[in-house]
Each structure stands twice: as C-alpha cells, then as structure tokens.
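Everything on this sheet refers to the single structure shown next.
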Amino acid sequence: MIITGKEHNWEIVCGLEIHCQIISEAKIFSGASTRFGADANENVSFVDAGMPGMLPVLNGYCVHQAVKTGLGLRAKINNYSEFSRKNYFYADMPTGYQITQFLYPIVGEGVVTVDLDDGSSKDIRIERMHIEQDAGKSIHDIDPNKTFIDLNRAGVGLMEIVTKPDFRSPEEAGAFLRKLRSILRYLGTCDGNMDEGSMRCDINVSVRPEGSDELRTRCEMKNVNSVKFVMQAIENEARRHVEVYENGGSIEQETRRFDPATGLTKALRKKEFAHDYRYFPEPDLPPLVLSDEYIRKVADELPELPDAKKARFVDKLGLTKYDASVICENKEVADFFEKAAAGHDAKKVANWLMGDFFAMLKRKNINIEESPVTAENLGALVELIEKNVISGKIAKDVFEIMSETGDSPAKIVEEKGLKQVTDAGAIEAIVDRVIAENQDKVGAYKGGKTGLMGWFVGQVIKESKGKANPQVVNSLLAEKLN
Ligand code: MN
C-alpha cells in the first residue's frame, strides 16, 4: 500500500510481535491448571502468586509445544536458550518480574509464506520466538474505587513470535495473522482465538519515502485483539506519520493505544527500552539445552501443514490454488473436504463445499463440526450428480433437505421420487438409441408383435443401469412406437 504525499509517496514499514498462549494443561513454571473460564484465582499455585521461596520448574510439554511451533514456522531451533528476568512493577504480576527469554531465545529465524488476494505469495521473515510467562488480569469494572486481581492467567505459557519489518500493507499483516493462526491450529500449539486473548498482537509502524530503504522512528500499539483492528491500526497510524512528516514534524518513539471505537491511536507512554527492564539471567532456572535428537523427534510428529496440504490438493486433486488455499486455511474444513472428496470428483466437491455448504453454515451460524450434512453425504450427493441420478438443479433441493434432516441424499432422492422426474431426458436418449439400433424389432412391433414392448422396456432399463423408471420408459416407448 502506497500513501500519496505532497512531494513524494510513502511506504509503510511494519513488523508484528504476537503473544500466543501455549496449549498445555498446566502453566509453564507451575502445576496449576490453565483452564479457561474458571472462577477468579481458582488456578493459582504459590509459584504463580509469587510467594517467597517458591521456585519455578519448567514444564517440558510447553517446551515441546514451542519447538513444534518453531518447526512449523520453518525456523531454526536453538540447542541452547536461557531464561531472563524482565523487571517491572504491575499489580497483576506479584513477583515484580516476568520470566522470559532475552538474549538466547528458543527459536531463531524462520519464514511464513502468506497468500495475498491478488493470487501472489510473499515470504514474511520471522526474527525469533521466545517463551515466557503471562501476567494475571487486573479487573477495573467491579468496583468504582478498587481494582481486583485475578491470577488465573499468571504463569500461563506464552510464545512471543517476532517478525522482521516485512509488512508493506495492512492486507499483508492481515494475511500473515490468518496464516499464523492456521499454522498454530494445525500444530495444536495455540488455539489462536484473538477475541479470547489467546493470541495478542503488538504492532510496530513507521513510514518512509517510497523506494527508500531507511528505517524511521516507529510507534508501537499493544494488544490489538482482532485481525480487522490490526489492519485498521496499521493504516491509520501510517497515515498519521505521513501527516506529521508532511507538516514538518517528527515522530517520537512511543507506545500508543488503538481505540477500536474510532479506529485511531492515542499516545499512551514513551517507549520503554530494554535497559528499563534491567534484564538479567534467571537465577532459579538452568539454561535450556535441547539435543538434536529431541528436535528431530518433535519434527517427526509434525502434521501436514497448510502449505503442504494446499500443494497436494492442487497437484493431486486438481483444485485451483485459490480453492485449495480457502479449504486449507482451516484444518477441520480440509479434513472434511478430503473425506467428502474420497472417490469422487474433487473439483465438484470443492465447488459444493465452498458454495452451498459454506452458505448453509453461515446461514445456520454453526461451524463445520456441527454440520448436519456429513462429509460422506456431501460426497454421496456429488456422486448422484456424477452418475446422472439427479440433475445439479435437483441436487440443490436435495442439499436443502439434507441440511435440515441430516438424511443421506440417496434416501431423500428415493423418498421424494426425485429420480424419475429428472431422468426423463436421459431416458429419452436411451429410448431413441434402442429404437435406432433395433429397427428390425421396431418393424416387427409395428407389424403386430406388440408383445415386443416388454423387450424394449427391458433393453432401456438395462442400458440405464437399472435407474430408469419403468413407467417413464413405458410411456416414452409407447409415444415413439405408436
Ligand atoms: Mn512478551
């Protein structure tokens, strides 16, 4: 995206930092549960509450999840990483510091390929990913004069993914977040629900004259909680920078708040720098050392990820790139599609899935797991059309009934007698062919051997592989022979 300026045009330079809650039964440094929706302070161990003398113990499963994620981001997994203390005071962080990783993160450089609306792809470089603990929550809206603290979230494991400043438009950032969420969900390492706060996005934005490679002062917006808001925040913040520069002003490095109501950003505080946090190596945890063998083992567990699945759907099943990327964004959709397409025309199944089927989910406001139309039944419907049992037009009616009753298409076609009506045209063609190929018998029939009618009916039904309705065949033959 290029912003038009007075003397020259401007280009957006944007990088993202995404905090992703690790899917794990227990917190990263304690045995307390991570269950969402528990009563306030129900899931708090002495470690999470920062009680004196309590020692953190690293949860091996969180490490496993982080390594899996790093591999899914096609990133280097570091054999050696370290935990550090990031010191700052906040009421919902009782220790007064966060255990995080600073100089030596668990995951190094990687890359995520995003698919853009114009059909092109772009590689977004990952700078690093580290693991750390989440803070608790301050609740300001229970009492007008008091703030309440809920430590259930304190100590939940986070993966902080930092990108290089590779985004040149809000659309690229939006496509990246959707792709990242898709990868994390395929991996099962983060549920990616931005509205529940399990994926939170910090945005760094600056602008520069189009074509230049300078990096100007950036501003940061923290904890933006939807893809749409991230895109809005980038565009509006970039436009603000351009306006400031064009009026001869300068941008100060600061943290700004994105206001979802107006779409605008407001200055919050001057940006903190690393030295403000007095980072030092965490004395209560040893360095984290991972063997190559451990990393290989985790790699062996990786599922097929969206890019690989998409390539397979294009190469092996003949889908278009666009269809494949829509279907592969969500693992449940991709699995449903594969089940439905097994043994059928995959392209036709994809059309049904992305057309009537998605429209049905949207209309009913349900997700694919709740669909009354099963994958097998969608495949069976396409098969009925492929085999000319029903026309595409009748299939739409059958689909509507399937989405209400959950019945199989065969049952519906049978019960509603839909076969007969639609087959009339196909039957007529067979009737014509049988008549044309058996002129001797036609002559005999016309000469008085009316008993041959039964033979003609039998021939047509045989030719239709048993699907032609005898009554329709009878009346068509009577019409043509008499
Ligand atoms: Mn962080």
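Details
- Near Val13, the amide H atoms lying under 5 Å from its own belong to Ser206, Val207, Arg208; only residues 5 or more places off or on other chains count, and H is placed 1.01 Å from N.
- Globularity ratio of segment 424-481, using Cα Rg and 2.2 N^0.38 Å: 1.00
- Ordering Leu418, Thr405, Pro283 by the projection of their Cα atoms onto the charge dipole of the chain, which places +1 on the Cβ of Lys and Arg and -1 on the Cβ of Asp and Glu, puts Leu418 at the extreme positive end.
- Under the Karplus curve 6.51 cos²θ - 1.76 cosθ + 1.60, θ = phi - 60°, whole-Hz ³J(HN,Hα) for segment 328-334, x wherever Gly or Pro sits: 7, 4, 10, 4, 4, 5, 4
- Spatial separation of Cα centroids for segment 2-80 and segment 221-300, in angstrom: 14 Å
- Under-5 Å amide H pairs with Arg256, H placed in peptide plane, nonlocal only: Glu220, Met221, Lys222, Leu268
- Panel note: the C-alpha atoms of the chain, placed on their principal axes, show extents of 108, 60, 52 Å (largest first).
- Partnerless cysteines in the chain, where a partner means another cysteine C-beta under 4.7 angstrom, comprise Cys14, Cys62, Cys201, Cys219, Cys328.
- Between the amide H of Glu282 and those of Phe83, Ser84, Arg85, distances stay under 5 Å, these residues lying 5 or more places away or on another chain, with hydrogens modeled in the peptide plane.
- Value of [θ]222 nm, deg cm²/dmol, for the chain, DSSP H segments ≥ 4, -39500 (n - 2.57) each, nearest 500: -12000 deg cm²/dmol
- Using only side-chain charges placed at the Cβ, +1 for Lys and Arg and -1 for Asp and Glu, the dipole size of the chain relative to its Cα centre rounds to 920 debye.
- Of the residues Thr95, Leu381, Pro52, the one whose Cα sits farthest towards the positive end of the charge dipole of the chain is Leu381 (charges of +1 on Lys and Arg Cβ, -1 on Asp and Glu Cβ, taken about the Cα centre).
- Among Trp10, Trp455, Trp352, sorting on how many other beta-carbon atoms sit within 10 Å of each Cβ, with the fewest leading, yields Trp455, Trp10, Trp352.
- Contact order for the chain, expressed relative to its length and based on alpha carbon pairs under 8 Å spaced 6+ residues apart, stands at 14 percent.
- Look at Thr217, Thr255, Thr34, Thr4 and count the other Cβ atoms within 10 Å of each Cβ; fewest to most, that gives Thr4, Thr217, Thr255, Thr34.
- Within segment 367-482: Cβ-based charge dipole about Cα centre, in debye rounded to nearest 20 (Lys, Arg +1; Asp, Glu -1): 820 debye
- Of all beta bridges that DSSP places with both ends in the chain, some 95 percent have antiparallel geometry.
- Cα centre as origin, Lys/Arg/Asp/Glu Cβ charges: segment 424-481 dipole, Debye: 140 debye
- Taking the charge dipole of the chain about its Cα centre, with +1 at Lys and Arg Cβ atoms and -1 at Asp and Glu Cβ atoms, the residue from Ser226, Ala324, Pro165 reaching farthest to the positive side is Ala324.
- Integer Hz, Karplus 6.51/-1.76/1.60 couplings in order for segment 10-24, x for Gly and Pro: 10, 10, 8, 10, 9, x, 10, 10, 10, 8, 10, 5, 6, 6, 6
- If the convex hull is drawn through the Cα atoms of segment 304-416, its volume per residue in Å³: 92 Å³
- Alpha carbon centroid spacing (whole Å) that separates segment 81-99 from segment 379-458: 74 Å
- Among Phe46, Phe102, a tally of other beta-carbon atoms within 10 Å of each Cβ gives an order, fewest to most, of Phe46, Phe102.
Computed from the coordinates by the stated procedures, all read-outs in this text should not be read as laboratory data. Only a predicted model underlies this, so the values are computations on that prediction, with no experimental measurement involved. Glycine also receives a Cβ, built like all others from the backbone with ideal geometry; neighbour counts cover every protein chain displayed.
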